[in-house]
Amino acid sequence: MASAAIVGTLWGCASAPPYNPAPQAGIAAAPGALPGALPDDSGPLPPALQRGKSRWVPVRWADLPGFADDPLFEAWNAWIKSCERPGPTFAPLCAEVRRLSIGTGEEQRAWMMQRLQPYRVEPLASSPGADGGLLTGYYEPLMDASRLPGPGYTVPLYRPPASLNQRRPWYTRQEIDTLPEAQAALRGHEIAYLADPIDALILQIQGSGRLRITEPDGSQRLVRLAFAGTNDQPYQSVGRWLLDQGATRDATWPGIRAWLAQNPQRVNELLWSNPRTVFFKEEPLSGLDAAFGPRGAQGVALTPGRSIAVDAASIPYGTPVWLASSGAQVNLQKLVLAQDTGSAIVGAVRADYFAGWGTQAGELAGRLKQPLRLWVLWPKQLAAQ
């Protein structure tokens, strides 16, 4: 994932007034409202805003599909993670976000209505993705590996080579596999070895993963491989390559593996169609770390089902977002946090949904491609600025 770039800009300069929760309820209700009632949402709406490649159109909370039904406590852990590196826009709200981690869903919902203004995200007519929203998925693979090469484990995963910053772009994937000078530059930078080159490709495309590594003494330990750089070559989809070849109509990973099973002599041809290679760094994986995903572009650990990757030119990192998407794979109406980005995540109404780790998450992420609607939830004190 890309390095963190917390975006506050001119909207992030104001500070929020103190939050004064009502006794017992934890939320300050609108004047004249009944105890426990949600804040009033009938006042005048603020003006629309333009953010990079997107236009934000103010809406009522009632316009957010499923807002009354989402179990918000599931998203609160992701929000607290964002508060580790919130940027100036959301930092003033983080103390209240932390206090509400033990609040009820009704208290959390009422606080959001009191503090935040929802805006429907629309693309500018001339921006990429102006034809409609798109939701895809990604995940953290979990793979068996060996610390040393041996029978069944011959595919290396590398740390960044010393010459990576001296040569841009660095060698292509094909050159890494075939040129002695590229192989010499990588010698000694091996982290571990996988059994399947397609697994290595998947790990590189996802940008991080978990390895169950067998050490030389036969012991096993679980570690995380985190993104540490690329060879600066362009990313090319191997699924798109197969479609362009007319080789398959199913460009999902199950479809790609089925094609490879019938065409094992073309493995390198498929791999080399994507010249981009990713390098990793090894990180320990404690019990607490294992409950979250890798760090995204915001610099905080991702939360399965509640973190998304966005185009940061349209939605700043750390922004709470309402997401709605219905399709063959899943129906989603929920609060998520914009905590990551990716080279393929371009456009205003574009998101990559972090599904978690392991086989089930991989199945969802590999097949998820369906329409999307997004609403950013922006601090009210900044809405008119």
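Quick note: the coordinates plus some simple rules give every number you see, no bench work behind them. Since the structure is predicted, the reported quantities are computational estimates derived from the model, not experimental observations.
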Problem set entry | the chain: angle of helix 105-115 to the longest principal axis, Cα-based, in degrees nearest 10 | 80
Problem set entry | segment 347-381 versus segment 214-259: alpha-carbon centroid distance in Å | 20
Exercise. Where does helix 253-262 land angle-wise versus the long Cα axis of the chain, in degrees 0 to 90, nearest 10?
Worked result: 20
Problem set entry | Under 19 Å from the Cα of LYS380 - aspartates and glutamates, other chains or at least 8 residues apart | ASP40, ASP41, ASP63, GLU96, GLU107
Exercise. So how tilted is helix 73-82 from the main axis of the chain? Cα-based, degrees 0 to 90, rounded to 10.
Worked result: 70
For this session: For the chain, calculate the relative contact order in percent as a whole number, restricting contacts to Cα pairs under 8 Å that are 6 or more residues apart.
Result: 26
For this session: First check a/c for segment 140-288, with a ≥ b ≥ c the square roots of the eigenvalues of its C-alpha gyration tensor; if it is under 1.5, answer rounded, and if not, answer prolate when a/b is larger than b/c or oblate otherwise.
Result: oblate
Problem set entry | 222 nm mean residue ellipticity, helices alone, for the chain (DSSP H n ≥ 4; -39,500 (n - 2.57); rounded to 500) | -6500 deg cm²/dmol
